[in-house]
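The values are calculated or read from the model by the stated rules, or taken from the named source; none is laboratory data. These figures come from a predicted structure and were not determined experimentally. Glycine gets a Cβ as well: all are built from the backbone with ideal geometry, and neighbour counts include every protein chain shown.
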Amino acid sequence: MIEVNRWLGELEGRLEALRESGVPEDVHQLRVATRRLAAWLRLGGHHVLRDDLRWLRRVAGAVRDIDVVIEVEGDPTWSRWLRSERRVRHQALRIALDAERTAGLVLALRSLPAVSRETARARLRRLASRALEAGEALEAQPEDAERFHVLRRKVRVVRYSLEWLEEKTGAFREFQEVSGLAADRALSLRLLAIYPQVEELAARKSQLETEYAERRRAALDTWPALRERIRDMR
């Protein structure tokens with residue numbers, strides 16, 4: 001049986017830590033915990049609570065996105081605006097931490113039964129098929145940014161599912177590292193789009209677009225090897 005305890009405990013710990021401060025690592029690990037718990041729900045065939053985890057992940061993700069971009073960007077003017085935007089988003093996160101919805105989510109997760117390994121493996125085969133379908137869609141239109149994002153998400157779910165089953169995930173490492181670099185640039189571009197003085201950073205925007213395209217192509221080069229690993233799961 002696969003118990004939820006480990007990552008539910010991680011979620012609770014990060015919620016408590018963030019009530020005291022807004023440390024970037026706690027924000028990051030809170031979002032990771034919601035993703036891993038969502039994978040556990042999928043393995044168990046549970047549809048309940050996915051929306052609640054997605055809601056909490058999005059609130060935390062709005063802050064985490066800023067933290068990632070601050071790590072990537074170095075322009076003082078751009079960074080000052082990013083920090084100001086982070087304060088606004090962090091306030092929304094603080095409100096969410098104490099919301100009844102969050103407390104209810106934790107209580108509900110505690111009440112769910114453990115997932116049998118047989119059920120988990122059957123669900124994993126379905127998740128693997130969905131990742132392959134996403135890969136095929138991207139291969140058909142490799143310049144489609146949304147299809148790239150969907151593939152990254154499907155691959156991440158498969159990896160987390162394997163980890164719940166305590167299986168090796170080394171084959172996923174290169175794809176996720178390279179595609180993550182592309183995603184970081186995509187984050188910068190999304191935030192730059194709402195930056196009030198975007199015209200002042202036209203050169204940086206052009207550079208980011210080039211870097212994003214290069215890193216996305218690099219990620220696609222690593223996909224065929226991972227695709228074969230995922231095919232073996234079906």
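In the range 19-33, which residues are within 13 Å of Val59 (Cα to Cα) and surrounded by 24 or more Cβ atoms within 10 Å (Cβ to Cβ)?
The answer is Val27, Leu30.
Test Ser84 against the criterion of being farther than 23 Å from Leu15 by Cβ, of a type in the set (Ser, Thr, Tyr) and either free of Cβ contacts under 8 Å to residues at least 40 places away in the same chain or surrounded by 17 or more Cβ atoms within 10 Å (Cβ to Cβ) (or both), and give yes or no.
yes
Scanning the range 70-81 for residues that are surrounded by 13 or more Cβ atoms within 10 Å (Cβ to Cβ) and touching a residue at least 12 places away in the same chain (Cβ under 8 Å), which turns out nearest to Val23 (Cα to Cα)?
My answer is Ile70.
If you scan the range 183-234, which residues turn out to be buried (at least 17 other Cβ atoms within 10 Å of the Cβ), small (Gly, Ala, Ser) and over 20 Å from Ser79 (Cα atoms)?
Answer for the range 183-234, where residues must be buried (at least 17 other Cβ atoms within 10 Å of the Cβ), small (Gly, Ala, Ser) and over 20 Å from Ser79 (Cα atoms): just Ala219.
Give the residues of the range 51-82 that are closer than 17 Å to Ala39 by Cβ and either in the same structural domain as Glu200 (by TED's automatic domain parsing) or over 14 Å from the mean Cα position of the chain (by Cα) (or both), sorted by residue number.
Passing the criteria: Asp51, Asp52.
Filter the range 37-69 down to the residues that are among the hydrophobic types (A, V, I, L, M, F, W, C), crowded, with 18+ Cβ neighbours inside 10 Å and over 20 Å from Leu97 (Cβ atoms) and list them by number.
Ala39, Trp40, Leu41, Leu43, Val68, Val69
Residue by residue, here is whether (1) closer than 23 Å to Val158 by Cα; (2) at pLDDT below 95 holds:
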{"position": "Ala60", "(1), (2)": "yes, no"}
{"position": "Arg64", "(1), (2)": "yes, no"}
{"position": "Gly74", "(1), (2)": "no, yes"}
{"position": "Arg83", "(1), (2)": "no, yes"}
{"position": "Arg89", "(1), (2)": "no, no"}
{"position": "Ala92", "(1), (2)": "no, no"}
{"position": "Ala103", "(1), (2)": "no, no"}
